[in-house]
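Enquirer: Quick one: this structure, given as structure tokens, is what I'll be asking you about.
The values are calculated or read from the model by the stated rules, or taken from the named source; none is laboratory data. Just so you know, these numbers come straight off a predicted model, no measurement behind them. So basically every Cβ, Gly included, is an ideal-geometry build from the backbone, and we count neighbours across all protein chains shown.
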Amino acid sequence: MKPTTRKRLGSIALNGTAIVVFLFAVFPVYWMVATAFKPNDEIFTTDFILFPRQPTLEHVTQVFTDGVAGNSIWVYMGNSVFVALGTVLIGSVVALLAATAVSRFRFKGRTPLMIVLLIMQMVPAEALLISLFLMIRGAGLYGQLLGLVVVNVALTLPFGIWMLRTFVAAVPKELEEAAWIDGASRFRTFWKVLFPLVAPGLVATSIFSFITAWNELIFALTLMPESSGYTMPVALRFFFGQRGTDWGAIMASSTLMTIPVVLFFLMVQRRMVSGLVAGAVKG
Amino acid sequence: MPPWLIPYALLLPGILVIAGLLLWPLVQVVFMSFQKLGLPQVRGTRPAEWVGFDNYQRIFENDLFWTSLRNTVVFAAVTVTLTLVLGTAVGLLLQKLGKVMSKVLIVGLMAAWAVPPVSAAIIWRWLFDADAGIINWALNLVPDGLSNALFGRADWTGQPWLNDPVSIYMILILCVLWASFPFIAVSVLAGLKSIPSELYEAARVDGSTPWHTFRKVTFPLLKPVFAVLTILSIIWDFKVLAQLLILAGPTNREAYNLSLFAWSEAFNPPPKMGTGAAIAVVLTLILLVITFIHVRQMVRTEGDIK
């Protein structure tokens, strides 16, 4: 075989494999969206219908009007947005303060704190579920979205601090010292110098917390007994309780739940990888 | 404010949250694992009763615990291995591909990675649906003779994949693998980009085969990355719960893993929170041992956590 032929064959094999991997990754997502827009007779068939032949919005309209478990999907979307935004708003302030402390100061107890942060990322949230359930109930927050916000803030905080501290550490200390020498107060230095430079990292961390809270199922399922308090993941589970699974409606709701995450994800994917790996490698 | 106090002031809210909502519940769950916490105790009509190691004894004598433990460990072992192998292979592939093709593939990977776990489980459940699932359609395409020889059946329509724990776990493995290999691939790619190309040139000049180059150049240099990815994957795959709950439901006891077993003991009526806590403690201990090894390695190599 001539070297050029071999090279060409190699390139075909390489790109062919890439296409197979691409299809494996994308097809299930495509299939969800396609099913959401198919009429029922194209869904419940033993045939393979790649594109909806008669695309329809009936399932989307159905989940907004009839909904599931007695409420329109709007209610669940609203709950999910409340919980995720609440988690981000409270969590990012707390995480930013803590991240500034651990990356700008050397103080007694810092190393134990870092080890606790690391270990808390590994403790399964499910293990805390029973005691958090009793605590939330004791605080009168059982069945309240606020309770879910509090839990999600706690669950996302260790990783939030861990990720954010690399962003704070990346801002040169000299900038703050210059402002400090120029007579700016501590708060002003933080607000006018550090904060704008850390803002992109803060956005990335916030989006991470948003996604975590948005996707969370078990606590939402356990802490919210009334259907009017369900978040999207909990509501989606309810489609399986009905006689004969309504796949069109499920896929429409599932698509609605997935869209915000995919958008956010594309915005921060680079930082997610560097944050997870670099943070873990460098310690 | 004296300067030494500033870091503590900044940390105060964070420490309150971590101590109050993570550490304290963790301590409590250990306490609860030594108590009897049934319906009367949860309602508050009777105080919690100290029962020593009864809960542990009860779960260790329960066959369901051993099935759950086996399911947890086997699932994690298989999934972590498959995810790392596939993810690394795709990472290497991404490095070899042309610019356009690798961009396209990365966007595809992002799509799979971004899908919420609940949606992912729902999608795979739909792909494997007994009546209208596309997997049964594809299996029906296999020529009858071959299908009979391989699986002992030719007609797959109506195959109830979600009735049997083995096939539930097969789907769960596919679902988690599908959702998690993109992260491994992109991380491995990031690591590969940090390796100077001169090393590969040298290996090529010396006539090294691709496999040899991977074993002697790539793998040793990426060892820290692989170490982190392995530990993260183990931790994630040990406590898979949402996906299992969607695929198997809360009452399919044969398909329990430790998290689902703990959850259903504690919250399926009648609540047995003490036993649930004991299972949660066992799960946590397993994970903490793995984590401890990880942290010790990091502290040893870095000396100090930056």
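Enquirer: Which residues, taken from the stretch B:1-30, are touching a residue at least 24 places away in the same chain (Cβ under 8 Å) and more than 8 Å from chain A (Cβ to nearest Cβ)?
Expert: Within the stretch B:1-30, just B:V30 meets the criteria.
Enquirer: Sticking with this one: Can you name every one of the helices (runs of 4 or more DSSP H) wholly within the stretch A:1-107 that holds 3 or more residues which are without any contact (Cβ under 8 Å) to a residue 24 or more places away in the chain and within 14 Å of chain B (Cβ to nearest Cβ)?
Expert: Result: A:3-36, A:73-104.
Enquirer: Continuing with this model, one more query. State whether the residues of the stretch B:175-189 include one that is without any contact (Cβ under 8 Å) to a residue 60 or more places away in the chain and in a helix (DSSP H, G or I).
Expert: no
Enquirer: Continuing with the same structure: Would you confirm whether or not the stretch B:59-67 contains a residue that is touching a residue at least 40 places away in the same chain (Cβ under 8 Å) and closer than 15 Å to A:R137 by Cβ?
Expert: no
Enquirer: Anything in the stretch B:161-214 that is among the hydroxyl-bearing types (S, T, Y), within 13 Å of chain A (Cβ to nearest Cβ) and more than 30 Å from B:W137 (Cβ to Cβ)? List them, or say none.
Expert: Passing the criteria: B:S187, B:S194.
Enquirer: Look through A:L194, A:L217 and report the one residue that is surrounded by fewer than 21 Cβ atoms within 10 Å (Cβ to Cβ) and in contact (Cβ under 8 Å) with a residue 12 or more places away in the chain.
Expert: So the residue among A:L194, A:L217 that is surrounded by fewer than 21 Cβ atoms within 10 Å (Cβ to Cβ) and in contact (Cβ under 8 Å) with a residue 12 or more places away in the chain is A:L194.
Enquirer: Can you pull out every residue in the stretch B:27-70 that is under 24 Å from B:L241 (Cβ atoms), among the aliphatic types (A, V, I, L, M) and surrounded by fewer than 18 Cβ atoms within 10 Å (Cβ to Cβ)?
Expert: Within the stretch B:27-70, B:V27, B:V30, B:L39, B:L64 qualify.
Enquirer: Sticking with this structure for a sec: Condition test on A:F51, is it closer than 26 Å to B:L105 by Cβ and exposed (fewer than 12 other Cβ atoms within 10 Å of the Cβ)?
Expert: Numbers: closer than 26 Å to B:L105 by Cβ: yes; exposed (fewer than 12 other Cβ atoms within 10 Å of the Cβ): yes.
When the stated conditions are applied, A:F51 passes them.
Enquirer: Here is a follow-up. Suppose we keep only residues that are surrounded by 11 or more Cβ atoms within 10 Å (Cβ to Cβ) and among the aromatic types (F, W, Y) within the stretch B:185-220. Which one would you say is nearest to the chain's Cα centre (by Cα)?
Expert: Taking the candidates together, the pick is B:F219.
Enquirer: Looking at B:A278, B:A262 in this structure, which one is surrounded by 24 or more Cβ atoms within 10 Å (Cβ to Cβ) and either at the interface with chain A (Cβ under 7 Å from one of its Cβ atoms) or aromatic (F, W, Y) (or both)?
Expert: Working: B:A278 fails: either at the interface with chain A (Cβ under 7 Å from one of its Cβ atoms) or aromatic (F, W, Y) (or both).
Selected residue: B:A262, the only one of B:A278, B:A262 that is surrounded by 24 or more Cβ atoms within 10 Å (Cβ to Cβ) and either at the interface with chain A (Cβ under 7 Å from one of its Cβ atoms) or aromatic (F, W, Y) (or both).
Enquirer: Is there a residue in the stretch A:161-170 that is away from chain B (no Cβ under 11 Å), surrounded by fewer than 20 Cβ atoms within 10 Å (Cβ to Cβ) and over 13 Å from A:A95 (Cβ atoms)?
Expert: yes
Per-residue answers, yes or no, for (1) over 30 Å from B:G44 (Cβ atoms); (2) touching a helix residue (DSSP H, G or I) at 6+ places or on another chain (Cβ under 9 Å); (3) at pLDDT 85 or above:
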site	(1), (2), (3)
B:L192	yes, yes, yes
B:S197	yes, no, no
B:D206	yes, no, yes
B:V228	yes, yes, no
B:W236	yes, yes, yes
B:F261	no, yes, yes
B:F292	yes, yes, no
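Enquirer: Quick one: which residue in B:G98, B:G158, B:G108 is in contact (Cβ under 8 Å) with a residue 24 or more places away in the chain and within 13 Å of chain A (Cβ to nearest Cβ)?
Expert: Result of the check over B:G98, B:G158, B:G108: B:G158.
Enquirer: Test each condition in (1) surrounded by fewer than 16 Cβ atoms within 10 Å (Cβ to Cβ); (2) within 20 Å of A:A13 (Cβ to Cβ); (3) under 20 Å from the mean Cα position of the chain (by Cα) for B:V73 and report the one that comes out false.
Expert: (2)
Enquirer: A follow-up question, please. May I ask you to list the residues in the stretch B:253-280 that are closer than 18 Å to B:V74 by Cα and part of a loop (DSSP other than H, G, I, E, B)?
Expert: B:Y256, B:N257
Enquirer: Hey, among A:T35, A:T4, which residue is in contact with a helix residue (DSSP H, G or I) (Cβ under 8 Å, 6 or more places away or on another chain) and polar (S, T, N, Q)?
Expert: Matching residue, one of A:T35, A:T4: A:T35.
Enquirer: Is the stretch A:141-149 home to any residue that is in a helix (DSSP H, G or I) and free of Cβ contacts under 8 Å to residues at least 24 places away in the same chain?
Expert: No, the stretch A:141-149 contains no residue that is in a helix (DSSP H, G or I) and free of Cβ contacts under 8 Å to residues at least 24 places away in the same chain.
Enquirer: Mind listing whichever residues of the stretch A:227-266 are surrounded by fewer than 19 Cβ atoms within 10 Å (Cβ to Cβ) and at pLDDT 95 or above?
Expert: None; the set is empty.
Enquirer: Kindly state which helices (runs of 4 or more DSSP H) lie completely within the stretch B:117-163 and contain at least 2 residues that are more than 18 Å from A:T45 (Cβ to Cβ) and not hydroxyl-bearing (S, T, Y).
Expert: Here the list reads B:117-127, B:144-151.
Enquirer: Can you tell me which condition B:V115 does not meet? The list is (1) facing chain A (nearest Cβ under 10 Å); (2) in contact with a helix residue (DSSP H, G or I) (Cβ under 7 Å, 6 or more places away or on another chain); (3) without any contact (Cβ under 8 Å) to a residue 12 or more places away in the chain, and all the others hold.
Expert: (3)
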